[in-house]
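Have a look at the structure below, then the notes.
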Amino acid sequence: MTCAQNFSLALIAGSLLTGCMIPQPQSEPVVAENNAQYDQISHELASLCAVVAAAADRTQTQLSDGVETKLTDLGEELSTIRAQVAACSAPPEMQPISCDSPDPVVMHDERMVVGEVEWVTIEPPGFVLNARIDTGAQSSSIHAENLTQFERDGDDWVRFELTIEEEVQILERPILRHVRVYQQSDKEGSRRPVVEMRVIVGNVADTFDFTLADRAHLEHDMILGRNFLTDLALVDVGRQYIQPLPE
């Protein structure tokens, strides 16, 4: 039922409720005036109802649009939060770690790079010591004590001691040749045996000639000279321990 119909019923009910007296007939001019007022009021009421209905429609539309927009925004925020929570909950991707994997050997082209001082393994007995890289020395040398030369099967051999961190190891090697070693305290030089020793530096594991010499007064127990470096290594004198520590 429309607003105008509701208003008409209200007027009729009001007339009935005003009393039981029957209204007296009115003259035609009065009736015509009342009809005109009624029509005017009905028209104004209809216009007012139309305005109210339009306002209600606009309000409903605005509310619906606002709610829909808000729900969309909340849905996007929820999706973002879920993604963040999933990223925080997932364990980070870990690379497998092998305790047995050695550090990589530093290379330049096909040659190993060594510094002024490097770790060296002597095999046997498996001693690890630090050696000074000496590009001015033709041959390599190692500190040896209590040298005793003897003959075995017609060949010259030498027995000597290597001491690393108070651990003494007695080795025997055949003598390849003898060289004269000159020191500041020994102007005439002393005759020293040359033997083969197997050493490991970086990715190089091979046998090289070493002079057995008394290096107790020197800082390093071993020198790696050009007989080791040639065709195998490049020297960076500004660095130390470039290659990994042997296992």
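The values are calculated or read from the model by the stated rules, or taken from the named source; none is laboratory data. Everything quoted here is computed from the prediction, not taken from an experiment. A quick note on method: Cβ atoms are made from the backbone with ideal geometry, for glycine too, and the neighbour counts reach across all protein chains shown.
Just a few scattered comments:
- Residues in the stretch 140-152 that are polar (S, T, N, Q) and surrounded by 14 or more Cβ atoms within 10 Å (Cβ to Cβ): S140, S141.
- Scanning the stretch 200-240 for residues that are surrounded by 18 or more Cβ atoms within 10 Å (Cβ to Cβ) and free of Cβ contacts under 8 Å to residues at least 40 places away in the same chain yields a total of 0.
- Residues of the stretch 153-175 that are exposed (fewer than 14 other Cβ atoms within 10 Å of the Cβ) and either under 16 Å from M197 (Cα atoms) or not assigned by TED's automatic domain parsing to the domain that holds F208 (or both): I170, E172, P174.
- When R111, R58, R82, R152 are checked against the criterion of being out of contact with any Gly (no Cβ under 9 Å at 6 or more places or on another chain), modelled with pLDDT of 90 or more and of a type in the set (K, R), a single residue qualifies: R152.
- If you filter the stretch 203-244 down to residues that are of a type in the set (S, T, N, Q) and in a strand (DSSP E or B), you find that the one that is farthest from G189 (Cα to Cα) is T207.
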